[in-house]
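**Student:** Take a look at the following structure, please.
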Amino acid sequence: MNYEKIYETLINRARNRILFGQIENHHIIPRSEGGSNKKENKIELSPKEHHLCHLLLIKMGKCLKYCYRHVNVREYMRMKEDEKRKIKVRESRKMYKERYWLENDEEENLE
């Protein structure tokens, strides 16, 4: 399987669009591989795309010097699932707070 081509396609597709919802920033060339922190080396991805990019980088033998040195793909996937669960909990708390404030605002307007 040509992981580099898949990675390239994913990055090129992300360059020509505007994302809504949850956005994660990604270094196209990982900092651990000599990539810069400049705007040209950053791209906005959905969480799913970001996850896929890092899996592809691991398969390509990159991104290993940083935080994935001692992590195999199965462990990495488990870490990402844990991260997703935490995000869902944060989002549900945020939605609850927003709903609470909206309900209170509506009650005040009715009075």
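The values are calculated or read from the model by the stated rules, or taken from the named source; none is laboratory data. What you see is a predicted model, and the numbers here were worked out from it, not measured in a lab. Cβ: placed from backbone, ideal geometry, glycine included. Neighbour counts: every protein chain shown.
**Student:** I'm trying to understand the selection: among the residues of region 8-49, which are in a strand (DSSP E or B) and in contact (Cβ under 8 Å) with a residue 24 or more places away in the chain? Walk me through it before giving the result.
**Tutor:** Step one: of region 8-49, the residues in a strand (DSSP E or B) are 24-27, 42-45.
The answer is E24, H26, I43, E44, L45.
**Student:** I've got another one for you. Which residue out of K97, K80 is under 24 Å from Q22 (Cα atoms), within 15 Å of the chain's Cα centre (by Cα), at pLDDT 65 or above and not assigned by TED's automatic domain parsing to the domain that holds G34?
**Tutor:** On the way: K97 fails: within 15 Å of the chain's Cα centre (by Cα).
Just one listed residue meets the conditions, K80.
**Student:** Name the residue, out of L45, L52, that is touching a helix residue (DSSP H, G or I) at 6+ places or on another chain (Cβ under 6 Å) and not assigned by TED's automatic domain parsing to the domain that holds R78. So that I can check it myself, show each step before the final result.
**Tutor:** Details: L52 fails: touching a helix residue (DSSP H, G or I) at 6+ places or on another chain (Cβ under 6 Å).
Residue meeting the stated conditions: L45.
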